[in-house]
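Have a look at the structure below before the remarks.
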Amino acid sequence: RRSRRGRQAVVSTQSTGEIKKAYRKLAMQYHPDKNPDDEGAADKFKEISEAYETLADDEKRQTFDKHGEEGVKKMSQGGGGQNFDPFANFFGHFGFGHQEQEKQERKGSDVVVDLVVTLEELYLGNFVTIQRNRPVYKESGGTRQCNCRMEMKTHMTGPGSFQMTQHRVCDQCPGLKLVTETEDLELEIEPGMVDGMVQKFSGKGEPHMEGEPGDLYFKVKTLKHPQFHRSGDDLYTNLTISLQEALVGFEMEIKHLDGHKVPVKREKVTWFGAVIMKKGEGMPNFENRNKLGNLYITFDVKFPRGELTAEEKDSVRSILKQASVQTVYNGL
């Protein structure tokens, strides 16, 4: 076992992707279902899951980097890590003692950015690195007024007479200037994610001169695909065939998002607008990747543009042996 500081130093240098890959490997290794004869496997699996939950959460990971495991434990107990006082919290519920009123938290604006992804990435998953230039405050020398507030002061104006006046009071803080920092942010596009899902980076939003920076959110937005349309976990596509193929049948393959081939075979007549379903050829479900949606194929029939001779027309009539079905109706 490494010391607490040793573990902090190692973990702080790891990217989100590396942590997730290591977690998946260890989780598979110590999963109770794969170790039915090992009584300690369940405990190890639980410890691995708890550690991953901490390191995958930006806020908990920042607490771990600063205060170690004890800080995370206190944070989980509701203490917020560094300034946790269980006695003050207990007495505060019943109104005993005297507690200073919490100052209103000052925080920079949150930033929401579209994470434009392909349907292939949502099918297979991917890790992407995004370079972000963001403004941050740095000390510039000198001092400035900060934490300004209005306070009431009482003055004696005569025997038994008082007057209350309001005054603006400020603290003195180090001078600040805005500079631009460039950093690489690693995001995971997980299989099955849908539009509108967000990934949060705590403290990576707009800065605030007298508070914490806001948060940065990446919101999933899917690029339009040339072949497939997604609805939930299902995929939809259109397939154009010739009139001859519609009448006598055909056989072909559709290239899927990961490159595998989906066979399509028709031996009967295929009419315009007909739909067939390919079970399990849709998108993976985000919650359960072993569950797949379906692929729905709608057929279009392309008619020949050339003119038929009288002899060819007679041949078609003799082959089809179809009576007239001319009907006028409202199709809307």
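The values are calculated or read from the model by the stated rules, or taken from the named source; none is laboratory data. In this text the structure is predicted, and so the values were computed from the model without any measurement. A quick note on method: Cβ atoms are made from the backbone with ideal geometry, for glycine too, and the neighbour counts reach across all protein chains shown. Ligands, DNA and RNA are excluded from the accessible area calculation, which covers all protein heavy atoms including side chains. Shrake-Rupley method; radii C 1.70, N 1.55, O 1.52, S 1.80 Å.
Take the conditions (1) loosely packed, with under 13 Cβ neighbours inside 10 Å; (2) touching a Phe, Trp or Tyr at 6+ places or on another chain (Cβ under 6 Å); THR237 misses just one of them, which is (1).
Selection within the stretch 112-170: residues that are loosely packed, with under 10 Cβ neighbours inside 10 Å and touching a Phe, Trp or Tyr at 6+ places or on another chain (Cβ under 9 Å). The member of this set that is farthest from HIS229 (Cα to Cα) is MET156. Residues that are among the hydrophobic types (A, V, I, L, M, F, W, C), open to solvent by 40 Å² or more (accessible area, probe 1.4 Å) and part of a strand (DSSP E or B) within the stretch 171-202 comprise LEU176, LEU178, VAL179, VAL198, listed in sequence order. Hey, among the residues in the stretch 301-332 that are assigned to a helix (DSSP H, G or I) and surrounded by fewer than 10 Cβ atoms within 10 Å (Cβ to Cβ), which one's modelled with the lowest pLDDT? By that ranking, first place goes to LEU320. Picking from residues in the stretch 203-232 that are open to solvent by 70 Å² or more (accessible area, probe 1.4 Å) and over 21 Å from the mean Cα position of the chain (by Cα), the one that is modelled with the lowest pLDDT is MET209. Residues in the stretch 235-270 that are closer than 16 Å to GLY282 by Cβ, part of a loop (DSSP other than H, G, I, E, B) and touching a residue at least 24 places away in the same chain (Cβ under 8 Å): HIS256, LEU257, ASP258.
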